[in-house]
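Worksheet: one structure, shown below.
The values are calculated or read from the model by the stated rules, or taken from the named source; none is laboratory data. Here the structure is a predicted model, which is why all the values come from computation and not from measurement. Note that we place each Cβ from the backbone using ideal geometry, even for glycine, and neighbour counts take in every protein chain shown. Calculation scope for accessible area: heavy atoms of the full protein, side chains included, ligands and nucleic acids excluded. Shrake-Rupley method; radii C 1.70, N 1.55, O 1.52, S 1.80 Å.
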Amino acid sequence: MLVISITSCKDVITSDAFYEKDATHLVQDALDKKVDSVLNLMTLEEKIGQMNQYNGFMDFTGPVPKSEDIKRKLEHIKLGYVGAMLNVRGVKEVRAVQKIAVEQSRLGIPLMFGFDVIHGYETMSPIPLAEAASWDLKAIQESARLAAKEASAAGINWTFAPMVDISRDARWGRVMEGAGEDPFLSSEIAVARIQGFQGIDLTSQESILACAKHFAAYGFPEAGREYNNADIGTSTLYNTVLPPFKASNDAGVRTFMNSFNQLNGIPATANKFLLRDILKEQWGFKGFVVSDWGSVAELIPHGYAQDGKAAAKVAVNAGTDMDMESHLYVHELANLVKEGLVDKSVIDDAVRRILKVKFELGLFDNPYKYCDLERENRVTGSKEIIDGALDMALKSIVLLKNENQLLPLDKNGKNVVLIGALASDKNSALGNWRAAAKEHTGISILEGMQQYDADIVYSKGPELILGKAEFTKEIRINNTDITGISEAVKAAKDADIVVMVLGEHGLQSGEGRSRTQLTLPGVQQELLENVYEVNKNIVLVLQNGRPLALPWAEEHIPSIIEAWQLGSQSGNAVAKVLYGDYNPSGKLPMSFPRNVGQVPIYYNSKSTGRPSLPSPDFVFWSHYQDEKNDALWGFGHGLSYTAFEYADLRVTDNFSFNGTLEVMVQLKNSGKVKGKEVVQLYISDKFSSAATRPVKELKGFELVELETNASTCIKFLLDQSHLGFYDNEGNWLIENGSFDIWVGGSSEAALKATIELTALE
Ligand code: BGC
């Protein structure tokens, strides 16, 4: 039975028909009626209340509220002036706050509870950039599902993830939160994550709302400096920045978060072109847009609004539906409506969107749906979630280099020495964005390796950081104290193999963590070179939240593993890979530069008029005097303990624009162990009349597992969606002409075919 006419939200009754999957339009109509029936009961102030999100009782990313603020916030909940909270977590706390909204406010509209579940809740999975390195969409979806399961058990029903910002500049600290530099891979991963968080049924107790963020161009801050202006052209906007957001919308993501940056002089929070014209009108987004933390108020220092009132006005009119922690909607919007500066319909539209999502979540049916203490105790840190974190960590590791087959390590008999402060650190590999994780609960690499070699010699070397690492404070790097180097050198001298764990601290990347250098921080390079002087058999395990520039290591160190920040199970995963119990298959989702001066560096760049050296010693071509143009390790690069051979690239020549093009390639595992390979397909549209195309673009990939000596034929199907692009006005175009197609194990794929499209009138 559908109850449409009601007098209080406390009376809304569940309808079984409501969620029937095969009657979408009926469901939508019924939903709209329910939403309207609530809307009709609301005063203007209560409506505006739904558009207000307050931070709770912990402070992570913004200025810390004073304690009297908390009292006032609770009062506002009673008055019905709050639609959602963030950073209120744990069943007890969520239930208590929800109870105030449901039992003490006039209409009893339930709250949403948001939290940054970026890579796990209490049990940490690898940082998102690391997960992206798996290119394993099923695993990524499963990782998000498990994060949703653990977070929902703790009362959370909305995550501010996935971050789908494309990032090409490793100086920017938030590259750790995204899926790297490529719009195709990032779009696929965005969809996998959204499906993992939201599930197939939002009413399930284990599903939470996802949020595509940060809309848009936040990943392009000038000079890599956090919060800086983004200055990009329309070709980059339409073809690189927007596609993962569009894919998120198409996948049914219910919320979008806008971004802190300006785009063409207009802050994203007040950017009507982005929020109304593109997102809500062109793409038909049906969910709601939340501001980023305090970003409505930041319109003032941006120089786009003179005061709080003006800021609320431009933000809401541009399409920002909910104000996160600026407190401006709740204070200014009612007057703005009364003065005719904001139309009532703008408010109604925003509130409808918000209420609709609450209905879809099933909160009106049961506001305490996520508040089951028994479930919280059972699910938090359960075996299923821990096993999932280990599985994802294994799949995220990238073998960058393995000369002389130094890896995998021999389980019997070799004298292995482990060096580096990060090797025994139980906190750093939890990565950034881990507010609900318990401190120092990650399995360290030392602990992981001890399971294989109980007596392994460990020499810490110099400290990486000074003092305690705290989320809201700058990390203090040890740049001077080299105590510990001599002891490490001594330990390394007679070892058969030295494993060195070097990189960045987990809180050196993430929000507010831009760097101008991409070298190993502190005195780690000195440590590495000193150890190398006495023992060249080094396996370098990197832990970092962004690509680093490590040309010396690439030249001298025989084996290098990229182990990112892999979360709670980090040490177990790394040890399994080191000792060969897991054959790595990760591929880089972001190019690693040779030198910070090369960034932004990305494989899918445009050509120039002078792309290559015409004759030796000629100077006037696009290059550096002191560095090569290409990356140290390019996008898509990653090795295995086995070897893969590609052969016989074939392309059907009967392509028409209504049909599909088949691309086939033969893959063989010609090495000595079973392994997985990410087969990658790239295209290049060699000529375009509307706007030039990148030199290469990923358009397909397939994760394949093969026994030793086994071969298989991989088939890709390409259609218009792969061969077209957006012109500078945002129109989708596909043109006749030549396309190169490459298939291989990285963006350096060598097998090439050329096709000619002639079918277009
Ligand atoms: C970040 C968002 C995050 C929000 C809430 C902001 O500072 O930019 O990504 O979701 O804080 O914690």
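Roughly speaking, what % of Cα-Cα pairs in segment 481-524 are separated by over 16 Å, rounded to a whole number? So the portion of pairs separated by more than 16 Å is 53 percent.
With a ≥ b ≥ c taken as the square roots of the eigenvalues of the C-alpha gyration tensor of segment 551-709, please select rounded if a/c is under 1.5 and otherwise prolate if a/b is larger than b/c or oblate if it is not? Taking the square roots of the gyration eigenvalues as a ≥ b ≥ c, segment 551-709 is oblate. Across segment 233-371, what fraction of all alpha-carbon pairs, as a whole percent, falls in each successive 5 Å bin from zero upward? P(r) over segment 233-371, rounded to whole percents: 2, 10, 18, 22, 19, 14, 9, 4, 1, 0. Length available on full extension from SER622 to GLN720: 0.36 nm per residue minus the Cα-Cα distance, which gives 32.0 nm. Averaging over all projection directions, the Cα-based convex hull of segment 453-526 occupies 6.3 nm² in the image plane. Per residue, the chain exposes 38 Å² of solvent-accessible protein surface, assessed with a 1.4 angstrom probe and all protein chains in place.
Note that segment 272-344 shows a convex hull volume over its alpha carbon atoms of 86 Å³ per residue.
Projected onto its three principal axes, the C-alpha set of the chain covers 78, 67, 49 Å, listed from the longest axis down. Classify segment 644-757 as rounded, prolate or oblate, taking a ≥ b ≥ c as the square roots of the eigenvalues of its Cα gyration tensor: rounded when a/c is under 1.5, otherwise prolate if a/b is larger than b/c and oblate if not. Prolate shape, in that a/c is at least 1.5 and a/b is the bigger ratio.
Take each peptide in 429-438, 623-632, 201-210, count the other Cβ atoms within 10 Å of every residue, and average; sorted highest first, the result is 429-438, 201-210, 623-632. To put it simply, the accessible area of segment 254-390 at a 1.4 Å probe is 49 percent carbon and sulfur. By how many degrees, 0 to 90 and rounded to 10, does the Cα axis of helix 308-318 deviate from the longest principal axis of the chain? Rounded to the nearest ten degrees, it is 80. The mean of 1/r over all pairs of different alpha-carbon atoms in segment 389-594, once inverted, gives a Kirkwood hydrodynamic radius of 16.8 Å. In the chain, the longest principal axis of the Cα atoms and the axis of helix 67-79 are about 50 degrees apart.
Once each part is reduced to its C-alpha centroid, what is the distance from segment 487-560 to segment 307-368 in angstrom? About 50 Å separates the Cα centre of segment 487-560 from the one of segment 307-368.
From the largest down, segment 115-377 spans 49, 45, 29 angstrom on the principal axes of its Cα atoms.
Estimated purely from DSSP H runs of n ≥ 4, each contributing -39500 (n - 2.57), the mean residue ellipticity at 222 nm for the chain is -8000 deg cm²/dmol once divided by its residues.
Can you tell me the 0 to 90 degree angle between the C-alpha axis of helix 524-534 and the longest principal axis of the chain, rounded to 10? The angle comes out near 20 degrees. Name the shape class, rounded, prolate or oblate, that the alpha-carbon gyration tensor gives for segment 311-464, where a ≥ b ≥ c are the square roots of its eigenvalues, rounded holds for a/c under 1.5, and otherwise prolate holds if a/b is larger than b/c and oblate otherwise. Judged from the Cα gyration tensor, segment 311-464 comes out prolate (a/c at least 1.5, a/b above b/c).
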